[in-house]
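Participant: I'd like to ask some things about the structure below.
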Amino acid sequence: MVDLIANRRDLLLAPLVAAAASEFGTGPAHAAGVDPSQTIIKLPDQIPWQPLYNFPPGMAEQAPMFGQTGAPGQYFVLIRWHPGYMSAPHWYETDRLCVVLSGTWYVASGEDFAPDATVPVPAGSFVHRVAKTPHYDGVKAGINDPAIIAISGIGPIHYHLTDPNKPGWRKV
């Protein structure tokens, strides 16, 4: 019986306590907003897409988001591969950490270019490209959507083709 009386009293007092609290400035907190010098936001239409290396238009783009791949220090870049194109076998001097943001990215290791042997890596997956190991990647023909990959590492990077006598890209 005592619990019932206490619960009724609490129910009756709760709105009065809440009203009194709001009168004394202890109401809900307000968001501080975003200080653009402290939190930098790029909406999708503000992503600075540009051609990837010297590849032909419509094949692949990059968007530098932080740092520079050609400068010392950390970098973060987005890569967008369109269906039907892949990189030629190549390697970098430092590790690259990759997350597939959308689409399916097709990857392989080795110096031989065999697009049918690539492994599909769906959105949400992580890929660690180990330094100085040859690999290639892209999106197979017949796939509907491009793949967007977020890549981070330590620069400067140098793009080394395993066969410098051939272009750095392949139509598949």
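Participant: Among the residues of the range 59-67, are any assigned to a loop (DSSP other than H, G, I, E, B), within 27 Å of Ser109 (Cβ to Cβ) and modelled with pLDDT of 95 or more?
Facilitator: Initially, the range 59-67 is screened for residues assigned to a loop (DSSP other than H, G, I, E, B), giving 59, 67.
Next cut, within 27 Å of Ser109 (Cβ to Cβ) only: 59, 67.
Checking the rest, the ones that are also modelled with pLDDT of 95 or more come to 59, 67.
Within the range 59-67, one or more residues are assigned to a loop (DSSP other than H, G, I, E, B), within 27 Å of Ser109 (Cβ to Cβ) and modelled with pLDDT of 95 or more.
Participant: Residue pairs, Cβ under 7 Å, 6 or more apart or interchain, first in the range 52-69 and in the same structural domain as Ser152 (by TED's automatic domain parsing), second among the β-branched types (Val, Ile, Thr) and outside any strand (DSSP E or B). List them.
Facilitator: If the second residue must be among the β-branched types (Val, Ile, Thr) and outside any strand (DSSP E or B), the pairs left are Ala63/Ile47; Thr69/Ile157.
Participant: Looking only at the range 117-172, which residues are among the charged types (D, E, K, R) and either in contact with a strand residue (DSSP E or B) (Cβ under 8 Å, 6 or more places away or on another chain) or part of a strand (DSSP E or B) (or both)?
Facilitator: Arg129, Lys132, Asp137, Lys140, Asp145, Arg170, Lys171 - these are the residues of the range 117-172 that are among the charged types (D, E, K, R) and either in contact with a strand residue (DSSP E or B) (Cβ under 8 Å, 6 or more places away or on another chain) or part of a strand (DSSP E or B) (or both).
Participant: Out of the residues in the range 68-89 meeting the condition of being assigned to a strand (DSSP E or B) and polar (S, T, N, Q), tell me which one is surrounded by the fewest Cβ atoms within 10 Å (Cβ to Cβ). Show your work before the answer.
Facilitator: Of all residues in the range 68-89, those assigned to a strand (DSSP E or B) come to 73-81, 85-87.
When the remaining residues are screened for being polar (S, T, N, Q), the result is 74, 87.
Details: Gln74: 12, Ser87: 24.
My answer is Gln74.
Participant: Against the definition (closer than 22 Å to Met65 by Cβ and aromatic (Phe, Trp, Tyr)), how does Tyr106 come out, yes or no? Steps first, answer last, please.
Facilitator: Numbers: closer than 22 Å to Met65 by Cβ: no; aromatic (Phe, Trp, Tyr): yes.
For Tyr106, the condition - closer than 22 Å to Met65 by Cβ and aromatic (Phe, Trp, Tyr) - is not met.
Participant: I need a count of the residues in the range 112-139 that are of a type in the set (D, E, K, R) and surrounded by 13 or more Cβ atoms within 10 Å (Cβ to Cβ).
Facilitator: 2
Participant: Would you call Tyr136 within 19 Å of Gln50 (Cβ to Cβ) and in contact (Cβ under 8 Å) with a residue 40 or more places away in the chain? Even if it seems obvious, please write down each step before you answer.
Facilitator: Values: within 19 Å of Gln50 (Cβ to Cβ): no; in contact (Cβ under 8 Å) with a residue 40 or more places away in the chain: yes.
Considered against the rule, which asks whether it is within 19 Å of Gln50 (Cβ to Cβ) and in contact (Cβ under 8 Å) with a residue 40 or more places away in the chain, Tyr136 comes out as no.
Participant: Does Tyr92 fit the bill of being closer than 15 Å to Gln62 by Cβ, in the same structural domain as Pro64 (by TED's automatic domain parsing) and surrounded by fewer than 16 Cβ atoms within 10 Å (Cβ to Cβ)? Can you show your working first?
Facilitator: On the way: closer than 15 Å to Gln62 by Cβ: yes; in the same structural domain as Pro64 (by TED's automatic domain parsing): yes; surrounded by fewer than 16 Cβ atoms within 10 Å (Cβ to Cβ): no.
In short, no.
The values are calculated or read from the model by the stated rules, or taken from the named source; none is laboratory data. Being a predicted model, the structure only gives us computed values, none of them experimental. Methodologically, a virtual Cβ is constructed for each residue, glycine included, from the backbone with ideal geometry; neighbour enumeration extends over all protein chains shown.
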